[in-house]
1. Taking R0 as 41 Å, what FRET efficiency do you get between residue 151 and residue 57 from their Cβ-Cβ distance, rounded to the nearest 0.05?
2. P(r) tail for the stretch 208-293, what percent of Cα pairs lie past 17 Å?
3. Using r as the Cβ-Cβ distance of residue 238 and residue 173, and R0 as 35 Å, what FRET efficiency do you calculate, to the nearest 0.05?
4. Starting from the Cα of residue 12, step 7 Å along the direction of its Cβ; do the same at residue 264; then give the gap between the two resulting points in nm.
5. Please arrange 65, 139, 107, 129 by counting, for each residue, the other beta carbons lying within 10 Å of its beta carbon, fewest first.
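Nothing in this text is a laboratory measurement; each read-out follows from the coordinates by a stated rule. For clarity, every value in this text was computed on a predicted model and none was experimentally measured. Here the Cβ positions follow ideal geometry from the backbone for every residue, glycine too, while neighbour counts run over all protein chains shown.
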């Protein structure tokens with residue numbers, strides 16, 4: 001078993017189904033709602049009988065009441081595909097008061113991928129720096145998890161982010177509806193990010209965003225002058241943090257507000273996560289919040 005997997009966590013979370021919030025298209029029978037009508041046990045609607053319909057699906061009780069022939073239609077259940085999109089740019093290697101953002105992303109992906117595959121769904125991985133440079137197609141086989149884990153373990157963050165272009169590429173390449181899970185610090189142009197998220201939503205994907213930040217990036221607590229280095233383009237800036245703290249906090253607040261609004265604007269599942277957060281409650285809340293509300297499907 002990969003070192004990225006938390007066996008105890010998987011045992012405790014294994015009973016919670018991983019649900020899609022939108023109808024999915026799959027290639028085998030599964031547990032997720034499909035946009036097509038089928039023959040699962042959950043009734044969808046009646047429609048009038050037309051010649052050629054399967055007469056076994058006629059509702060004779062409805063015929064007795066109305067003297068008309070009606071066909072019962074049911075929701076078709078299907079399996080789903082999940083694509084994990086991991087930002088592997090230089091800033092993802094930052095760590096101060098928490099683990100490196102890329103390490104936290106590795107753990108989220110490895111454990112969620114296990115939960116998806118364990119319930120019969122397919123998991124794939126896309127990794128981007130300045131381009132979408134690693135693509136592992138989704139598979140349902142448990143052995144496929146080893147390839148995903150090995151790829152995650154070998155990631156070396158560097159260079160500038162190409163997240164926006166990568167998301168557009170994923171939107172174009174993933175033909176069928178899927179769950180797209182994005183893991184990044186989102187240090188990119190927010191309006192451009194919003195356009196990429198809209199592209200994914202236009203293609204009817206179920207989008208989830210884990211916005212990863214080190215606690216120090218939120219708190220910005222320093223007691224002496226520092227030389228700050230941009231981990232993507234290596235530019236440097238020497239400043240007295242106390243003199244710019246208010247300006248930094250204002251810019252941070254605006255950044256987080258704009259990112260959250262961009263995600264919510266396309267109905268993406270957005271979570272701001274600091275890398276000192278315990279993984280189990282994070283994933284438990286993620287899974288529970290995606291379950292259908294009582295009385296809905």
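1. With a Förster radius of 41 Å, E is 0.35.
2. 62
3. According to the calculation, E is roughly 0.20.
4. 3.0
5. Ordered by Cβ neighbours within 10 Å, fewest first: 65, 139, 107, 129.
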